[in-house]
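Everything below concerns the one structure shown next.
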2 protein chains.
Amino acid sequence: MSNVFQALSSPVRRKILAFLSEASLTAGEIAGKFEMSKPALSKHLSILTNAGLISSEKKGQFVHYCLVKENLFASMNDFLVDFCPEGKPLKVESHAIAKEQRDME
Amino acid sequence: MSNVFQALSSPVRRKILAFLSEASLTAGEIAGKFEMSKPALSKHLSILTNAGLISSEKKGQFVHYCLVKENLFASMNDFLVDFCPEGKPLKVESHAIAKEQRDME
DNA sequence: TAGTTAATTAACTATTTAGTTAAATATATA
DNA sequence: TATATATTTAACTAAATAGTTAATTAACTA
């Protein structure tokens, strides 16, 4: 859990996740989207991997990275659930989480 | 947004939020729950305040802090929504975010 | 085999973060 | 008024973070 929020605290890493939510990419392709060295990106990728938010597969000389969406959602859920009072579960749709929550008060 | 995840990246600060989700507390009461100096706690409180996750009100010599639950949920929602494909909105209940998301794949 | 490309690891540096103690501020009370 | 209490701010230090370049590893290709 701590790993996950630590991983999400970086704008660069959140941007990596956003890219991967659209398509799987190789390490080099990801690095190409940032103005930063490949080793720096590689470190970000390893932090996201340790948090369980992405996974990788080596194909030849390339390493393909993809988002592990279920872990992202499971982590956020595990965290948010503690803020939902008993008998008043989250019951939301799409963009509406915040609004519904506001209406609960 | 970056403020929020930065704020949430600390276990101490997440614990503060958890305490405040049960009841509003003064700065001193919060500090009493941690083995850490009051100035250290004060800094954590100001980080959470800047992120919009808590608010405070001075009553006499005490400062009462409370959770701003709607901002917590709104922030999480704004983030997660980008990972929900169009036409496949989040539609979840209570502990089920992760599971529902898994079933979508 | 030699050379090239993709990616990671190692070694290092600058900056940020998280804590400390001491000082300051503001309110309450004897 | 003087003193005590609650909280924050200031000044500082140790540790963690995020980046750099150079070196290494692994796989492809001429």
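Of the residues A:Leu48, A:Leu25, which is under 13 Å from the mean Cα position of the chain (by Cα) and in contact (Cβ under 8 Å) with a residue 24 or more places away in the chain?
A:Leu48
Across region A:12-30, what is the number of residues that are within 13 Å of DNA strand D (Cβ to nearest atom) and closer than 18 Å to B:Asp82 by Cβ?
Qualifying residue count for the region: 6.
Please work out which residue is nearest to the other protein chains (Cβ to nearest Cβ), limiting yourself to region B:57-66 and to residues that are touching a residue at least 12 places away in the same chain (Cβ under 8 Å), within 11 Å of DNA strand D (Cβ to nearest atom) and not aromatic (Phe, Trp, Tyr).
Here the residue is B:His64.
Output yes when any residue across region B:7-30 is open to solvent by less than 30 Å² (accessible area, probe 1.4 Å), away from chain A (no Cβ under 14 Å) and either assigned to a helix (DSSP H, G or I) or closer than 14 Å to A:Ser2 by Cα (or both), and no when none is.
Yes: region B:7-30 contains one or more residues that are open to solvent by less than 30 Å² (accessible area, probe 1.4 Å), away from chain A (no Cβ under 14 Å) and either assigned to a helix (DSSP H, G or I) or closer than 14 Å to A:Ser2 by Cα (or both).
Of the conditions (1) closer than 29 Å to B:Leu67 by Cβ; (2) open to solvent by 30 Å² or more (accessible area, probe 1.4 Å); (3) within 13 Å of DNA strand D (Cβ to nearest atom), A:Asp78 satisfies every one except a single condition; which number is it?
Status for A:Asp78: all satisfied but (3).
Restricting to region A:61-75, name every residue that is surrounded by fewer than 17 Cβ atoms within 10 Å (Cβ to Cβ) and within 8 Å of DNA strand C (Cβ to nearest atom).
Scanning region A:61-75 gives A:Gln61, A:Phe62, A:Val63, A:His64.
Return the residues of region A:53-105 that are more than 21 Å from the chain's Cα centre (by Cα) and at pLDDT 90 or above; say none if nothing qualifies.
Listed by number, the residues that qualify are A:Lys59, A:Gly60, A:Gln61, A:Phe62.
Test of understanding: among A:Lys38, A:Lys69, which residue is more than 14 Å from chain B (Cβ to nearest Cβ) and among the basic types (Lys, Arg)?
Only one candidate qualifies: A:Lys38.
Counting only residues that are open to solvent by 60 Å² or more (accessible area, probe 1.4 Å), out of contact with any Gly (no Cβ under 8 Å at 6 or more places or on another chain) and in a helix (DSSP H, G or I), which one in region A:31-42 is farthest from B:Cys84 (Cα to Cα)?
A:Pro39
The values are calculated or read from the model by the stated rules, or taken from the named source; none is laboratory data. Note that the structure is a prediction, hence the values are computed from the model and not measured. With ideal geometry, Cβ positions are generated from the backbone for all residues, glycine too; neighbour counts draw on all protein chains shown. Areas reflect the complete protein model, heavy atoms only, side chains present, ligands, DNA and RNA absent. Shrake-Rupley method; radii C 1.70, N 1.55, O 1.52, S 1.80 Å.
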